[in-house]
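Scroll down for the structure; my scribbles are underneath it.
The values are calculated or read from the model by the stated rules, or taken from the named source; none is laboratory data. Here the structure is a predicted model, which is why all the values come from computation and not from measurement. Every residue, glycine as well, gets a Cβ built from its backbone with ideal geometry; the counts of neighbours run over all protein chains shown. To get the accessible areas, we keep the full protein, side chains included, count just its heavy atoms, and leave off ligands, DNA and RNA. Shrake-Rupley method; radii C 1.70, N 1.55, O 1.52, S 1.80 Å.
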Amino acid sequence: MDWLNTLKNQQKNKNDKLEAVGYIRDILEYGDISKNNAKKFIDILAVQATLQDDDIKELILDAILEGSKNPNLEKSIDLNPIIHRLTDFNDECLSYILSLLGNSENVKYRQIIESYKGNSRLKEDVEEALSELDYRIKHNK
C-alpha cells in the first residue's frame, strides 16, 4: 500500500508518482494478486485518475486497462469517479476510458461512448469501444 500512499500524497513529486503507478501496474498485470485485491487497487486508481496531472492520469488509466484483463474484473470496476469527471480528461486519456467502458459489458455506457463520435481524434477508439461492448453483451448473456 506504500505505492498507493505515494500516489495519494500531494507532497510527492511527479517522478515519485509515475514510479508508483508503474509499480502498481506491474503488480496488477504480473503479480500474484487476488481478484478482490486487484479490484481494490483499481478502484483506488480510478479515483486517483481524477485527481492527478494529465501525464499521471494517462499512466493510471493504462494501469487500470492492463491490470483488469480478467473479464470478471473488467465488469466489476467502479468507473463512476472517472465518468463523473470526463471533461477533466484529455483525448489521450479518453482513449483509455473508452476502452474501459467498452470492456465493461455495461450497456448503460453506450451513450457515453457514442457521445464522442464527433471527436475526430477518437473516432477509431469509439468504434472499437462500441464493437467490444456489443460483442461482450452478445456473448456473455
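Data for the structure
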{"item": "Net lengthening on full extension, Gln111/Asp54 (0.36 nm per residue, minus Cα-Cα)", "result": "18.1 nm"}
{"item": "The stretch 83-141 - convex hull of the alpha-carbon atoms, volume per residue in Å³", "result": "66 Å³"}
{"item": "Calculated from backbone phi, Karplus (6.51, -1.76, 1.60) coupling profile of the stretch 103-113 in Hz, x at Gly/Pro", "result": "6, 6, 6, 10, 4, 5, 8, 4, 4, 5, 4"}
{"item": "Accessible surface of the chain [probe 1.4 Å, protein heavy atoms]: carbon and sulfur percent", "result": "44 percent"}
{"item": "Projected label distance in nm at Asn37 and Asn72, using a 7 Å step from Cα toward the beta-carbon", "result": "1.6 nm"}
{"item": "Cα centroid separation, the stretch 1-38 to the stretch 66-106 (Å)", "result": "18 Å"}
{"item": "Additional length obtainable on full extension of the chain from Lys14 to Asp2, 0.36 nm per residue less Cα span", "result": "2.7 nm"}
{"item": "Nearby lysines by direct alpha-carbon distance to Lys39 (threshold 23 angstrom, same-chain neighbours under 8 apart not counted)", "result": "Lys8, Lys17, Lys57, Lys69, Lys75, Lys108, Lys141"}
{"item": "Residues of the chain: accessible area per residue with a 1.4 Å probe, Å²", "result": "56 Å²"}
